[in-house]
Amino acid sequence: MTPAPAKPAAPPKVPAYQPPDEDETPPPGESASAEPAPQPAAPAPSSPPAADKKVPGKLMWQFPKQIPGQAYSTTPLRGCTVAFGKTRFAACLGNMLVGLDWKNSGLEQIWDCEVGGHVPASPMLGSDNLIRVHSGDGWLHCIDEDGSRVWEPVPVGEPLGWAAPIVDLNNTTYISGYSGGIYRVGPRGEYKNRPFLRTRQKFDSTGLIYRGALYIGCEDAFLWAIPISEDEGRNSWDQLEDRGRTQWFINSAPALGNDSTIIVAGRDENLYAFHPDGRQAWKLHIPGQMLASPVVAANGDVFVGVSIVRAGQRDKGKIICVDGDSHRVRWEYEARGPVESTPVIGDDQILYFGDNAGFIHALRGDGQCMWRQQVRSPVRSAGNIVGPNRLVFGLDNGTMVGLLCSSGGVSRKGWPKYSAR
């Protein structure tokens, strides 16, 4: 095995948690809430302590804390966090994977681990509770929940901008190659230094594994279905029969519909659903770019963010709700700016997402806004609920924010978040 690259000097640790200033309010003319937030119900015996029963939408912390005159990372945080345990989670900041614990008393950094370079996509957690990170140093890193390396980094090449590693139920990891194809790394870091799937075409998309197949978008405008039980990868869908065909390339991570269809947003302004054999189930034209990935609610409704950017016009953004039965637009919600943030759905079916104007929104399933909070930086990351009433987003200014929410966790039904399984 090629030896791992030498570690550069570790940067200083980011500052510990500090509560936000109490006078940190939106500028004149802006409201932090679309309407008065509902009062929380009386706590049940198993409910979180009273400190977590404040008004949903309250900004609780920013990490690392921006201190005037002190340098901090300005690399945008656009990936999704990984949650483990009751209130612990990890996120990539610069060339570090940082472990955090959002306790009732506040946010605490519990460890950090250098990963050698910027991570353009998201870290991924396997069923073995090990975190995979494909770093800009060209290596796949594997780190446990205590911040320790499990096996030596594997040289899989430079990462693509949209593609995160995918881990199957056997904890084998699939990586999109920078020069094309798919690479495969075993659960203990086994690597043959050759592609699992050989093709010059790039899979600049985060895939989905379902019933023994990896479904992943390709720059050839097709969604591919690749059996993972075989020694060599292949597309099981016949492209000559237009199985999996869209009209342009795909960067969106697919979602699994409640009817077992594979739903993906193409860059051709169409939302597609394909049957497991590759036949098109339905197609819906949605004007604007869908740069985020779709998510699916418990009732089968599909939510996707849209960015509308046209010369000479104000940039706009929406969340579109597609009815799970009719596959037509059920409602639209206009955000304050373009929406590139993949939403997360809570166990109370509240939908959370950010926009490029620097607002985080909470919507009911009927499109009613429960609250919105200004965070003063574009929010292009995928949201995550990392514990009871704990909502986290990354910002373009290189920090994360934590907000209170009404959800006890991520919904257990549908496909409620980025790379849900």
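Read-outs throughout are calculated quantities, based only on the coordinates presented, and are distinct from any laboratory measurement. All figures in this text were calculated on a predicted structure; none of them were measured in a lab. For neighbour counting, all protein chains shown are included, and Cβ atoms are generated from backbone atoms with ideal geometry for every residue, glycine included.
List of remarks:
- If the convex hull is drawn through the Cα atoms of region 73-150, its volume per residue in Å³: 87
- P(r) weight above 23 Å for region 214-306, C-alpha pairs, percent: 18
- Computed over the chain: relative contact order in percent, which uses C-alpha pairs under 8 Å that are six or more apart: 14
- Cβ-based net charge around Gly278, under 10 Å, with every Lys or Arg adding one and every Asp or Glu removing one: -1
- Given their separation in residues at 0.36 nm each and the Cα-Cα distance between them, Glu269 and Glu190 gain 24.5 nm when the chain is fully extended.
- Between region 77-117 and region 236-287, the alpha-carbon centres lie 33 Å apart.
- Percent of C-alpha pairs per 10 Å bin, region 251-300, short to long: 28, 57, 14
- Taking a ≥ b ≥ c as the square roots of the eigenvalues of the Cα gyration tensor, region 276-421 is oblate, since a/c reaches 1.5 or more and a/b is not larger than b/c.
- Kirkwood Rh and Cα Rg combined as Rg/Rh, region 165-209: 0.95
- A simple packing score, the average count of other Cβ atoms within 10 Å per residue, orders the peptides 227-233, 111-117 as 111-117, 227-233, with the highest score first.
- Cα convex hull of region 208-362, projected area averaged across orientations, nm²: 9.8
- Looking at region 100-231, the pairs of alpha carbons with a distance over 19 Å make up 48% of the total.
- Ratio of Rg to Rh over the chain (Cα coordinates, Kirkwood Rh, two decimals): 0.95
- Net charge of neighbours whose Cβ lies under 13 Å from the Cβ of Leu208, counting Lys and Arg as +1 and Asp and Glu as -1: +2
- Nitroxide proxy distance, nm - points 7 Å out along Cα→Cβ at Arg198 and Gln66: 5.0
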